[in-house]
Amino acid sequence: MTFLASGDTPQTGSPCPPSPPRPSLAALQGKAQWMALLMLAVGMHVLESALPGLGPWFKPGLANIVTLVALVMLGPGQALMLAVARVVVGAMFIGTLFTPTFIMSLSGAVAAALVMLAAWRLIPGISLIGVSLLGAVAHMLVQFATVEALFIQQHALFYLLPPFLLVAALTGWLNGVAAAYIVERLQRPVEPAAAGEAAHA
């Protein structure tokens, strides 16, 4: 049996593993922005659920404004995750998780997000308004297909599709205008204060 003399330190068989690298400031800032956008999108999703709509499968799609902002500011992958997360978290808040309403909302949100991401990447020079219009149309088409395939099973349902697509295009245009304005304001450089404003009287 070996005793350690005073002042000796015990020797271990293997060195301590290196600590994991700390995330960069840019990574932390990106996560904070994503969480802030998610909370905003969930709030708009919950607010939208209380608004009157043209049936259970049509809402103005206000939360898509946040998805469009995330698409420009954070990239396609983060925007897709935000679109899915806000539907799931929003459904938990309003108590519709795993209900038919949740299935319709999730299918439409994922379809709209995928179409918007594809348009943003593949169509050169497309504006956020054009991206939003395509997303709104895809959202409505997939929701109608989901309702007909899973719940109603009546082809006559598609007679309602043209007016719903028209309204979806209108709301998609409005959401695109709002998203473009928000992105323009966020990307605008901060102008330095005038020298006279810093002086005290």
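The values are calculated or read from the model by the stated rules, or taken from the named source; none is laboratory data. Note that the coordinates shown come from a computational prediction; the quantities given were computed from them, not determined experimentally. Cβ atoms come from the backbone with ideal geometry, glycine included; neighbour counts cover every protein chain shown.
Answer yes if at least one residue in the stretch 37-56 is surrounded by fewer than 11 Cβ atoms within 10 Å (Cβ to Cβ) and modelled with pLDDT of 80 or more, and no otherwise.
Checked against the condition, which is being surrounded by fewer than 11 Cβ atoms within 10 Å (Cβ to Cβ) and modelled with pLDDT of 80 or more, the stretch 37-56 yields at least one hit.
Looking at GLU184 and the list (1) over 20 Å from ALA41 (Cβ atoms); (2) surrounded by fewer than 14 Cβ atoms within 10 Å (Cβ to Cβ), which single condition is not satisfied?
The one condition GLU184 does not meet is (1).
Given the options ILE123, ILE103, name the one that is under 19 Å from ALA169 (Cβ atoms), of a type in the set (A, V, I, L, M) and at pLDDT below 95.
Going through ILE123, ILE103 in turn, the sole match is ILE123.
Going by the structure shown, is ALA113 of a type in the set (A, V, I, L, M), surrounded by 20 or more Cβ atoms within 10 Å (Cβ to Cβ) and touching a Ser or Thr at 6+ places or on another chain (Cβ under 8 Å)?
Criteria met by ALA113.
How many residues, within the stretch 128-174, are polar (S, T, N, Q) and either more than 26 Å from the chain's Cα centre (by Cα) or more than 17 Å from VAL110 (Cα to Cα) (or both)?
Number of matching residues: 3.
Within the stretch 147-169, identify whether any single residue is charged (D, E, K, R), surrounded by fewer than 20 Cβ atoms within 10 Å (Cβ to Cβ) and either modelled with pLDDT of 90 or more or closer than 22 Å to LEU74 by Cα (or both), and answer yes or no.
Within the stretch 147-169, not a single residue is charged (D, E, K, R), surrounded by fewer than 20 Cβ atoms within 10 Å (Cβ to Cβ) and either modelled with pLDDT of 90 or more or closer than 22 Å to LEU74 by Cα (or both).
Select the helices (runs of 4 or more DSSP H) contained entirely in the stretch 60-174, then report the ones holding at least 3 residues which are among the aliphatic types (A, V, I, L, M) and under 28 Å from LEU28 (Cα atoms).
The helices (runs of 4 or more DSSP H) meeting that bar are 63-73, 76-94, 100-122.
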